[in-house]
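To start, the structure under review is shown below, and the notes come after it.
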Amino acid sequence: MFDRVRRVFSKKPPEPFPELPEITLRPIGYVRNGVKEPRPEHWADVVSRIIIRPELEDALLGLEGWSHIVVVFWPHLIPPDVLGSKHRLHPRDDPENPLQGVLATRSQIRFNPLLMTAVRLLSVKGNVLRVKGLDAIDGTPVLDVKPYMPKFDCLPEATMAEWVTRGQSESTDEHK
């Protein structure tokens, strides 16, 4: 009987973490706009062109039927020694915000800084997408685009940490 109690209440050793393969991504395009330096806010009215590799133009067939798309991109100007350098930080470097694990924030200083933003699709012409509200600077590599589908991409029951709703940090106008 005591053996059974010991088994029930004993801690199991942690499962060994598997060796995972390296992942290599090739951009499908890049951003063109007038924004040359990173900035934390004021992206809502920025109009950008996403230039897709010419050999991928046929993959855009049907995209013009969507009002919004999700753009996945890589913040290419973050120095390699900064990527993943902070496990914890004050969001937006504001000490008024509570210390958070980087994975609990929208900081670009991530281990793998894949960024994504839902934007309005203004037009598709050849291999060029015109979008509004993309928070990526000129020259940013684009890794993927996909249609925004409210049925799957909008979660009305989602909640945010209290420090965000206090209005002391991440703006709704930016890519976080």
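Being over 24 Å from Asp153 (Cβ atoms), touching a residue at least 24 places away in the same chain (Cβ under 8 Å) and among the hydrophobic types (A, V, I, L, M, F, W, C) holds for only one residue in Ile50, Ile78, and it is Ile78.
Residues checked against (1) of a type in the set (A, V, I, L, M); (2) modelled with pLDDT under 90; (3) farther than 27 Å from Ile50 by Cα:
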| site | (1), (2), (3) |
| --- | --- |
| Ile78 | yes, yes, no |
| Asp93 | no, yes, yes |
| Leu115 | yes, no, no |
| Asp144 | no, no, no |
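Here Asp144 meets the list (1) of a type outside the set (Lys, Arg); (2) without any contact (Cβ under 8 Å) to a residue 40 or more places away in the chain; (3) under 22 Å from Trp43 (Cα atoms) almost entirely, failing just condition (2). If the condition is being under 24 Å from Ile51 (Cα atoms), among the basic types (Lys, Arg) and either surrounded by 15 or more Cβ atoms within 10 Å (Cβ to Cβ) or modelled with pLDDT under 95 (or both), then the range 146-176 contributes only Lys176. Among the residues making up the range 101-126, those that are touching a Lys or Arg at 6+ places or on another chain (Cβ under 7 Å) and in contact (Cβ under 8 Å) with a residue 40 or more places away in the chain are Arg106, Val119, Arg120, Leu122, Ser123. For beta carbons closer than 8 Å, sequence separation of 6+ or different chains, a first residue in the range 84-99 that is on the phi < 0 side of the Ramachandran plot and of a type in the set (Lys, Arg) and a second that is surrounded by 14 or more Cβ atoms within 10 Å (Cβ to Cβ) and assigned to a loop (DSSP other than H, G, I, E, B), the qualifying pairs are Lys86/Ser107; Lys86/Ile109. Checking each residue in the range 28-43 for being touching a Lys or Arg at 6+ places or on another chain (Cβ under 8 Å) and in a loop (DSSP other than H, G, I, E, B) picks out Ile28, Asn33, Pro40.
The values are calculated or read from the model by the stated rules, or taken from the named source; none is laboratory data. Please read these numbers as outputs of a predicted model, since none were measured by experiment. All Cβ positions, even for glycine, are placed from backbone atoms using ideal geometry, and neighbour counts span all protein chains on display.
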